[in-house]
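S.K.: Handing you this structure, nothing more for now.
The values are calculated or read from the model by the stated rules, or taken from the named source; none is laboratory data. Just so it is clear, the model here is predicted, and its values are computed rather than measured. Neighbour counts run over all protein chains shown; Cβ positions are idealised from the backbone, glycine included.
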Amino acid sequence: MQEQYYAKRYNTIDAKSFFAVVRCAETCTEVMPEWVDLCFDKDEKYIQMSMSFPRQMLRRENLADYTVDPPITQFGYGLCQALGDGFNMAKTRIQMIICAPTLRCIQTAQAIHAVIQSDKSQAKICVEYGFCHFLGKADSHLPAFFDPEFLLRMNYAIFTKYKPQVTISQLSKVVKTETKKQFYERVKTTLERLKKSCSEMKEVMIVVTSDTMDALFKAAKHKSADHVLDSDLKGNKMDQYYPALSNGIICRNTGDPNGLILLRALTKLTHLGITNDVDIDYLKTSINFEGVPDDEDDQKRRRQNKGNTTSAEGEDEAAALDAKAGGGEQQKALQNKYDTENPDYKKATQVKKKKKPSKTTQAETKDDDAGLAPKDDKDKDDDDDPVAAESRYTLAKQD
């Protein structure tokens, strides 16, 4: 008799050739912005002030580089391994990992590489400077990236013979001056070159930061950066649209002129009510991305975003982006195909919503005690019916 249950493996990536794009894991700066001041003494000796921080640190000559290029946390490292197992469950065999030059992306790639099912002698990590994050911020600073040869000596699975599409010297020329258009064009050009140079590699993983992930998705869908707000790119909004370890599959050689991107091809990661799902609402408004059904997390996020709208300018900006959205029938058809071919997978990934006590029922009890009439039946139904609530939000948004 079998004494343990084993999770079923689902072939959820229905593409013969693809780029699996993954956002880097949670960093020390995200957990504690002032971590460098707290974790290094006057002699520049590292002190592990929190169990969330790494037990050991690669030495840098300039401590300020840790602020702009932080390492991932211990918790982030563990989730990387869980995500790598998710790729195994999806029956993928990654042949190459291409990552941005920042430490957080390299460490994320290394942690995933340790657990994915592949030919470890071939699936090496290639450092690509063309996928570096946006450098046009006023406080942008190009850190001293770790040399691939040094990383190899530190037991990182780096392929040192890889020739990047963009060099460090080219990046140094655009620090603090790079425009939004230049950044998205740089990422797009790098992706197009990789499609040609990696044509024999069928399953390739790309590990980048949130802003580069957005640029990759837009390049795959042949969209410009016109829908991207400068405040989103220069602030921290991209990290909200693409949370830690969020991912998507860019399908190659599909023959679709609009490009195909698969989201939720892997089982989601969830911790303390937070998931690694990409913000679907943002994709719909920024790259005409449609066809992915909302789940409970999307509806919750939408209600929170609606409640956080504080300025008329923000509402006008959001309305302008909504007006530009449209299309995406190919994406919807492909998502429906997954639901049809993988009913067990769809059922396994659905989270049943716990039914909470009706607020109106509690109110009626109080009203009865006070001798008051209960709330109107129509209002009661709207409170308990999420579809009705969503309809009210849609109408309000159109108004």
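S.K.: Within region 28-52, how many residues turn out to be assigned to a helix (DSSP H, G or I) and under 15 Å from Val68 (Cα atoms)? Walk me through how you get there before you give the answer.
M.R.: Within region 28-52, the subset assigned to a helix (DSSP H, G or I) is 28-31, 35-39.
From what is left, the residues that are under 15 Å from Val68 (Cα atoms) are 28-31, 35-37.
So the answer is 7.
S.K.: Looking at region 52-63, which of its residues are under 23 Å from Asn155 (Cβ atoms) and either without any contact (Cβ under 8 Å) to a residue 24 or more places away in the chain or loosely packed, with under 13 Cβ neighbours inside 10 Å (or both)?
M.R.: Within region 52-63, Arg55, Gln56, Met57, Arg59, Glu61 qualify.
Matching residues to (1) part of a helix (DSSP H, G or I); (2) small (Gly, Ala, Ser):
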residue	(1), (2)
Ser224	no, yes
His227	no, no
Met238	yes, no
Leu245	no, no
Gly255	no, yes
Ala265	no, yes
Asp281	yes, no
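S.K.: A further question on this structure: For region 93-103, enumerate the residues that are closer than 14 Å to Ala123 by Cα and buried (at least 24 other Cβ atoms within 10 Å of the Cβ).
M.R.: At the first step, the residues of region 93-103 found to be closer than 14 Å to Ala123 by Cα are 93-99.
Within region 93-103, Ile97, Ile98, Cys99 qualify.
S.K.: From the list Ile106, Ile47, exactly one residue is surrounded by 23 or more Cβ atoms within 10 Å (Cβ to Cβ) and on the phi < 0 side of the Ramachandran plot. Which is it?
M.R.: Working: Ile47 fails: surrounded by 23 or more Cβ atoms within 10 Å (Cβ to Cβ).
Checking each option against the conditions leaves just Ile106.
S.K.: For region 139-156, name all the residues that are surrounded by fewer than 17 Cβ atoms within 10 Å (Cβ to Cβ) and within 15 Å of Thr67 (Cβ to Cβ).
M.R.: Narrowing region 139-156 to residues surrounded by fewer than 17 Cβ atoms within 10 Å (Cβ to Cβ): 139-141, 144, 147, 149-150, 152-155.
Answer for region 139-156, where residues must be surrounded by fewer than 17 Cβ atoms within 10 Å (Cβ to Cβ) and within 15 Å of Thr67 (Cβ to Cβ): Asp139, Ser140, His141, Ala144.
S.K.: Scan region 206-217 and give yes if some residue there is buried (at least 20 other Cβ atoms within 10 Å of the Cβ), assigned to a loop (DSSP other than H, G, I, E, B) and not aromatic (Phe, Trp, Tyr), otherwise no.
M.R.: First pass over region 206-217, keeping only residues buried (at least 20 other Cβ atoms within 10 Å of the Cβ): 206-217.
This time we only want the ones that are assigned to a loop (DSSP other than H, G, I, E, B), so: 209.
Now drop any that are not not aromatic (Phe, Trp, Tyr), which leaves 209.
Yes; the residues of region 206-217 include at least one that is buried (at least 20 other Cβ atoms within 10 Å of the Cβ), assigned to a loop (DSSP other than H, G, I, E, B) and not aromatic (Phe, Trp, Tyr).
S.K.: Follow-up question, since we're still on this one. In region 272-297, which residue that is over 19 Å from Gly259 (Cα atoms), out of contact with any Ser or Thr (no Cβ under 8 Å at 6 or more places or on another chain) and not charged (D, E, K, R) is modelled with the highest pLDDT?
M.R.: Within region 272-297, the match that is modelled with the highest pLDDT is Thr275.
S.K.: Restricting attention to region 165-185, which residues are assigned to a loop (DSSP other than H, G, I, E, B) and crowded, with 18+ Cβ neighbours inside 10 Å? Give the steps one after another, and end with the answer.
M.R.: If we filter region 165-185 for residues that are assigned to a loop (DSSP other than H, G, I, E, B), which is where we start, we get 165-167, 173-179.
Scanning region 165-185 gives Gln165, Val166, Val174, Glu178.
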